1. Roughly how big is chain A's charge dipole about its Cα centre, with Cβ charges of +1 (Lys, Arg) and -1 (Asp, Glu), in debye to the nearest 20?
2. Given R₀ = 22 Å, FRET efficiency for B:GLU223-B:TYR55 by Cβ-Cβ distance, to 0.05?
3. Give the lysines whose C-alpha is closer than 23 Å to that of B:LYS152, dropping any in the same chain fewer than 8 places away, or say none.
4. Once you average over the residues of B:155-161, how many Cβ atoms of partner chains fall within 10 Å of each Cβ?
5. Jot down the per residue volume, in cubic angstrom and as a whole number, of the convex hull over the alpha-carbon atoms of segment A:376-499.
6. Hey, what's segment A:17-259 come to in accessible area per residue, 1.4 Å probe, Å²?
7. For the pair B and A, how large is the buried accessible area, both sides, in square angstrom to the nearest 100, if the probe is 1.4 Å?
8. Using a 1.4 Å probe and ignoring any ligands, DNA or RNA, find the accessible area of B:ASP150 and quote it in Å² to the nearest 10.
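The values are calculated or read from the model by the stated rules, or taken from the named source; none is laboratory data. What you are looking at is a predicted structure, and each value in this text was computed from that prediction instead of being measured. Heads up, the Cβs are rebuilt from the backbone with ideal geometry, glycines too, and the neighbour counts pull from every protein chain shown. Areas reflect the complete protein model, heavy atoms only, side chains present, ligands, DNA and RNA absent. Shrake-Rupley method; radii C 1.70, N 1.55, O 1.52, S 1.80 Å.
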Amino acid sequence: MDRTLGFYIVQFLTGLADASALFLVACGLSLIFGVSRIVNLAHGSFYMVGAYVAYYLIGFFSEGGCAFWAGIVLAAVVVGLIGVGIEVLLLRRLYGAPELFMLFATFGVVLIMQDLSRWLFGAEDLLGPRAPGLAGSVNIRGTLLPQYDLALILIAPLILGVLWLLLNRTRWGILVRAATEDREMSDALGVNQTRLFTSVFFLGSFLAGLGGAIQLPKGGANLLMDLNTIAEAFVVVVVGGMGSIPGAYLAAVIIGELGSFGVLVFPESTLVLMFLVMAVVLVIRPHGLLGQAGAGAHVAFRAAEAVLQPASKKLKLLGLACLVLILVMPVLVGTFQLVLLTEIALFALASMSLYFMMGPGGMVSFGHAAFFGGGAYAAALLVHYLQTPMELAVLLAPLLVGLLALIIGWFCVRLSGVYMAMLTLAFAQICWSIVFQWGEVTGGDDGLLSIWPSQWASDKIVFYYLTMILSIGGILVLRYFIFTPFGYTMRACRDSALRVDSIGINLARHQCLAFAVAGVFAGLAGGLYVFSKGSVFPDEMAIPRSFDFLFMVLLGGVETLFGPIAGAAAFTWLHDQISRTDFWQLILGCIFVLLVVAFPQGIVGSINVRWGRFFANQNH
Amino acid sequence: MTKLLEVRNLAKAFGGIQAVDNVSFELEAGQLLAMIGPNGAGKSTCFNLINGQLYPDRGGITILGQRTNGRKPRDVWKLGVGRTFQITCTFSSMTVLENVQMALLSYHKQTRSLFRKVRRLYVNESMELLELVGIAAQSRRACGVLAYGDLKRVELAVALANRPKLLLMDEPTAGMGPAERSQLMELTSAIVRTRKIGVLFTEHDMDVVFTHADRIIVLNRGELVAQGTPSQVRANVKVQEIYLGTGKTPGTAFPTS
Ligand SMILES: Nc1ncnc2c1ncn2[C@@H]1O[C@H](COP(=O)(O)OP(=O)(O)O)[C@@H](O)[C@H]1O
Ligand SMILES: [Mg+2]
């Protein structure tokens, strides 16, 4: 294709058109976060459902200009109502709960909506209908631009204007802004929070649905839209600045143009480019381009702050009993269960390493799969290209991931709370897109195969013992670290940045090291995992995997040292039970939601409340 | 005598508010210097400028002969500066003892150690500090459940952990009863005399100030209005106006004679 001026203009306009849908979904996310402090992961799902519902509504209304636009608006209203339903039935019960649990409930909704969409709308990608009257193209100096793109370009500023009026010129808007800027203040003013939250949820979901619907003629509808969109919307919200609607537009345009022009320069790495921009913006302007320091920074995902207690005699006895059970397991169960137990042990180690960051470190990572998957890929690549023996690969993988974690950590520790969590997600997506898009080296979607253990460890029972030794050893070492000066320093950094600084401790440096330590152990788990499976695929680095680990930690309870193990066991067992059924994501999502509602302290946390006295130290 | 702290023409504004306006003073070793002034006078801002938490708009700060403008609090701490906060700031998930141990771990450059358990590190040294400030009996309690006055003592123990030469205490006796206040200030004077350190403190109880301070500086709306010995300050007309005229003084009344 000729690179004339017209070409560049069209490329630019395409970027603007792409920005529109992204802006709509991002500003919905931003509005909901601002008022309710919920990071709504289901927002991408709202977007996806908006596209599907619009497709069927437009088809139902049959032809005609009116039908098209009516279908789009109606689809957005339907999605808005779905959002209200979720808020009223689920999230409203959780407003007092820790932010992370709310986040998790919304991830449950993602899974549920994914499977429901597959069931209702089918697994095939749908091609969107054309907009009547806008089906043609305009010729810009020799290059064609679809007319519908022009409509898209106009819609975003229009909505931006309407939102601005709504937020600045109505009483409702003033309440929304007050709640966003100062939650306690608006509490004190006696604003009816419940109604405000519900209405904001409606508007936010409506905008997401509208975004999905208007991009239908361009992008159609498919089942991958939910997670792809939520990741992009995060980027837009964070780059633009949490809570800033003009910021969201600016960022959407930047991301849109980046996609449009980036594909010309780096056709293989458009995803990497987007997340790289986010990382750079956050390092230079930690609160986003137009964001203010206040909004969002407070959401710190704080775990309960209990004084650390060494394990009591009874707890040690319980641990010993478990060890004996693990030792004799190969006699009791078959190979199949041994493989499952191996997997549980590795996930337990990985989630313990996440807990190490989250609990004592107070740093939530949405991207722990980067470290786990990174370890798996590091080992697999070593074996595949350098014929490295297993022993060396399992040793090198954690070190390489530790290095990776140190680099990622260096960026992330400049931020805190949700911003930090989102940056970890961004970096995990960078890692994921590298292995996904760089097919020649990593095998891309097909993964790397035939990565088997050394001869001596190839027996399932031997490998079982090897895994148990390394993962239980790793878990105990991590637990020991929590009681050492470094572990205490991490907790000090979590408790009070001000105090830490005034007693001469470099907070960023210690947090960065905590990233590295967590990375080493997650990398060890990943390195072993690849040998237990014999292969590795990009899924090990993808968002759902990161959330698996988060869920294991939360399931166990963030305030307990052995929670992650219980969480990993429960989750992996559960996953194994349901993953053979057809709609397992639906089931898993429902379980997530129910567990969060029933046990806001996690399983072990809840046991702690009931049985804590029994296991407590008697000498205090 | 060496100058511990020299503040020259210090200024800091927040938006339109000139919180600290052209303030200069000095502090020598072995001296207890009180900074007084009504609420909002800029006292805490002065503290934050001196320990590096805030960056001054203008002026210079010299601690032990080193210019510290723009240095981070942790670097200022390394020069031998301890500080307590107006609103107490401790590690709430740790016990009283562990809070002090944390400061000692930092002082002994052990914060990155992954080998020994904290339970056995610097316990005696920490207990000595806790005994000094009078809360050794509460050493095993979590800081999160302590009374406010006790937290102030924990902060003092933490601030003393790096054997500071300069101690900055922002309202060290807030939340304490009158008897406890004088007792804590007597303790502070004793530390000043025996260790030959310098203390800059703020305090609303004028009895405490005039009994214990060697020198006093008075701030009002960010400006330094008077400085000198207690009797000089007491005789100062401007100071009397600030304290008597407005009637807004928190704490006890200004002792005129
Ligand atoms: N971080 C800040 N941002 C904006 N204004 C501040 C900030 N800190 C202090 N101020 C203002 O500066 C002035 C001095 O405050 P401060 O130093 O706390 O006084 P004091 O400690 O003497 O009571 C007050 O008017 C206060 O509102
Ligand atoms: Mg003050």
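1. Details: 30 positive and 32 negative charges, 331 e Å.
Here chain A has a charge dipole of around 1580 debye.
2. Values: r = 20 Å, r/R0 = 0.92.
Computed FRET efficiency for B:GLU223 and B:TYR55 comes out at 0.65.
3. B:LYS43, B:LYS78, B:LYS165, B:LYS196
4. Details: counts 2, 0, 0, 3, 2, 0, 2.
Taking the mean over all residues of the peptide, I get 1.
5. Numbers: hull volume 16.9 nm³, N = 124.
For segment A:376-499, the hull spanned by Cα atoms encloses 137 Å³ per residue.
6. Working: 9270 Å² over 243 residues.
Counting only protein heavy atoms, the per-residue value for segment A:17-259 is 38 Å².
7. 3000
8. It works out to around 30 Å².
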